[in-house]
Every structure is written in structure tokens, then in C-alpha cells.
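Worksheet for the structure shown next.
A short reminder: the numbers here are calculations on the coordinates, not readings from a lab. This structure is a prediction, so every number in the text was calculated from the model and none was measured. So basically every Cβ, Gly included, is an ideal-geometry build from the backbone, and we count neighbours across all protein chains shown.
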Amino acid sequence: MHNKFLTNKKSKTCRDKYGKFLDEFNFESDAQDCANYMKRKFGRNLVPYLCEECGFWHLAPKCAVCGKAKRLYNSKKDAERQAAKVFATEGKYLRIYKSCGGWHLTESRGSKYYRQNRDVFMDALRKRF
Ligand SMILES: [Zn+2]
Ligand SMILES: [Zn+2]
């Protein structure tokens, strides 16, 4: 079977903590496909996230605390920025919640959460874009 994931584009700007350039995806769905593949093939637990630096999607390890397919953000600000960025580029609303000694994001149906937290989103957008 042809494996498109072996020909992933590598980031020219973003590295992991070992200094290796990260895989780079244009769309969340591509990143998720690759994460699914890595899980099946290597048992690795990865989760897509939208990169602040380059605007592409990368894969990061799942939360080591709860094991959920979520990235753990150390600060609320980081989580808010990610939510704002995903909102700005995908039109998708993510809710921020405290967990695992940090912050997680979860998909929020509808725009109620966004309306209630409009200031947070707008503030994060202003600071980043
Ligand atoms: Zn990046
Ligand atoms: Zn967790």
C-alpha cells in the first residue's frame, strides 16, 4: 500500500524538543489521518495542533496525564491562543478547561461558548494576528 505519510512535508521552521523538524500539514484532517496511521503502525499517540509559529498543523504527543487525544497546554494563555487561532482559521469553536495540571481544549458545539467568551477570543486574536 502506498503510504503518503512517508512523504510528509517537513517544516522549515519548527522543530521538536530533540531538534528534528516537525511534519507539516495543510489541514487538520491530513494531520489526523497521519496520527491515526502512526497509532495503527507504531502505537504512538499523537494529536494534531495548529502551530502558532508557521500556521501549519503539526502532531504532538497526547496528554500523558489523562491519556486523552489532547495536547496539554501549560498556561491558559497558550490554550486561549490556540483556540483563537483555530477559530480564526477553521471557524471551529474550542472550549478551554483546566485539567491534568494544565489546560485542555475540547470541541464546543454551536457558538454559545464563543458568544460567552467572545472577549477572550477577540483579545487573543488581537494579540496574535
Ligand atoms: Zn510550526
Ligand atoms: Zn489530560
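Key figures
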item: Gain upon complete extension [ARG15, ASP78; 0.36 nm per residue less C-alpha separation]; result: 20.9 nm
item: Sum of -39500 (n - 2.57) over DSSP H runs of 4+, divided by residues of the chain (222 nm, nearest 500); result: -11000 deg cm²/dmol
item: Cleavage-rule hits (GluC sites (Glu not before Pro)) in region 1-105: DSSP loop, at most 16 neighbouring Cβ within 10 angstrom; result: GLU52, GLU53
item: Region 1-61: C-alpha gyration tensor shape, a/c 1.5 cut-off, then a/b vs b/c; result: prolate
item: Loop trypsin sites (Lys or Arg not before Pro), region 1-83 (other Cβ atoms within 10 Å of the site Cβ: 16 or fewer; DSSP); result: LYS17, LYS20, ARG44, LYS68
item: Spatially proximal aspartates and glutamates relative to LYS39 (Cα-Cα < 13 Å; intrachain offsets below 8 disregarded); result: none
item: Tilt relative to the chain, helix 28-42 - C-alpha long axis, 0 to 90 degrees, to 10; result: 50 degrees
item: Shape of region 41-106, Cα gyration tensor, a/c cut at 1.5; result: oblate
item: Contact order normalised by residue count of the chain, Cα under 8 Å, 6+ apart, percent; result: 15 percent
item: Stretch gain in nm, segment THR106-ASP119, where the contour uses 0.36 nm per residue and the Cα spacing is subtracted; result: 2.8 nm
item: Subset of LYS10/LYS68; LYS20/LYS98; LYS68/LYS92 violating a 23 Å alpha-carbon distance limit; result: LYS10/LYS68; LYS20/LYS98
